[in-house]
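For reference, the structure discussed in these notes is given below.
What follows is calculated from the coordinates using simple rules that are stated; it is not laboratory data. Computed from a predicted structure; not experimentally measured. Note that we place each Cβ from the backbone using ideal geometry, even for glycine, and neighbour counts take in every protein chain shown.
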Amino acid sequence: MAREGKVYVFDHPLIQHKVSLMRKTSTTVKEFRELATEVAMLMGFEATRDLALEDVEIETPMCTTQVKMLKGEDIAIVPILRAGLGFVDGMLALVPNAKVGHVGLYRDPETHKPVEYYCKLPVDIEKRECFVVDPMLATGGSAIAAIDFIKKRGATNIKFMCLIAAPEGIEALHTAHPDVDIYIAAKDECLNENAYILPGLGDAGDRLYGTK
Ligand code: URA
């Protein structure tokens with residue numbers, strides 16, 4: 001039976017503080033990027049809590065002993081282009097041997113459906129624990145489509161990480177992919193008429209890359 005995914009809101013004071021700084025209009029591109037990396041590390045620390053460990057024998061300067069080490073770092077980080085790239089450095093600082101896949105989507109102007117324009121994943125994606133990352137979970141459309149694409153390529157063990165989520169996005173993602181755990185730093189109020197999150201932080205891609 002499929003595992004039932006859960007929604008985890010990381011209310012650690014450091015995460016909350018840094019996300020609040022990211023929301024401020026006065027936060028510069030440089031600061032925003034640095035904060036994204038820091039929050040990704042803090043969230044990644046919590047989201048990797050259930051990675052498997054194994055007993056390994058090592059030599060210390062004093063004696064031989066058994067210690068716990070990661071069983072294998074079979075992790076894939078999958079940013080949704082382009083804003084998801086803001087999470088990659090922070091995650092890689094924690095799990096430097098992780099492989100990184102990329103998924104790029106655009107919304108078809110006529111059908112309004114997400115269309116994949118780029119998808120490059122580790123060849124053994126089916127064996128890996130996949131962390132799909134995108135800072136904003138708004139309608140859920142991109143996250144749902146990206147997870148559809150990587151499931152089609154064989155991934156089964158998937159977690160989704162974002163900074164800020166709208167209730168509508170959480171509901172849609174959970175309904176479409178009930179097996180996927182959702183990790184968020186803040187649950188905001190709602191979406192506006194353009195599907196931007198309120199109060200949110202604006203366009204995460206623009207804020208990371210200084211575009212408008
Ligand atoms: N994407 C963003 O970057 N911001 C939002 O508020 C919603 C979607």
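Dividing the summed -39500 (n - 2.57) terms of all DSSP H runs of n ≥ 4 by the residue count of the chain sets its mean residue ellipticity at 222 nm at -9000 deg cm²/dmol. Only lysines eight or more places from residue 99 in sequence, or on another chain, were considered; those with a Cα closer than 21 Å are 71, 120, 127, 151, 152, 159. Taking the longest Cα principal axis of the chain as reference, the axis of helix 13-23 is set at about 30 degrees.
For the stretch 20-101, trypsin sites (Lys or Arg not before Pro) are listed when DSSP marks them as loop and at most 12 other Cβ atoms sit within 10 Å of their Cβ; the list is 24, 49, 71.
Coordinate range of the alpha-carbon atoms in the stretch 52-192 per principal axis, descending: 67, 34, 26 Å. Among 161-167, 196-202, 9-15, the peptide with the highest mean count of other Cβ atoms within 10 Å heads the list, and the full ranking is 161-167, 196-202, 9-15.
Would you mind calculating the gained length between residue 89 and residue 52 on full extension (0.36 nm times residue separation, minus the Cα-Cα distance), in nm to one decimal?
11.1 nm
Note on residue 126 and residue 192: the extension gain reaches 20.1 nm, defined as 0.36 nm multiplied by sequence separation minus the Cα-Cα distance.
Spin-label model, residue 9/residue 152: points 7 Å from Cα along the beta carbon direction are separated by 3.4 nm. If you plug the beta carbon distance of residue 16 and residue 62 into 1/(1 + (r/R0)^6) with R0 = 35 Å, you get a FRET efficiency near 0.25.
Computed from Cα atoms, the angle from the helix 29-47 axis to the main principal axis of the chain rounds to 50 degrees.
Report the extension gain between residue 118 and residue 29 in nm, rounded to one decimal, defined as 0.36 nm multiplied by the number of residues separating them, less their alpha carbon distance.
29.5 nm
Any idea what angle helix 167-176 forms with the longest principal axis of the chain, computed on alpha-carbon atoms, 0 to 90 degrees, nearest 10? Approximately 60 degrees, to the nearest ten.
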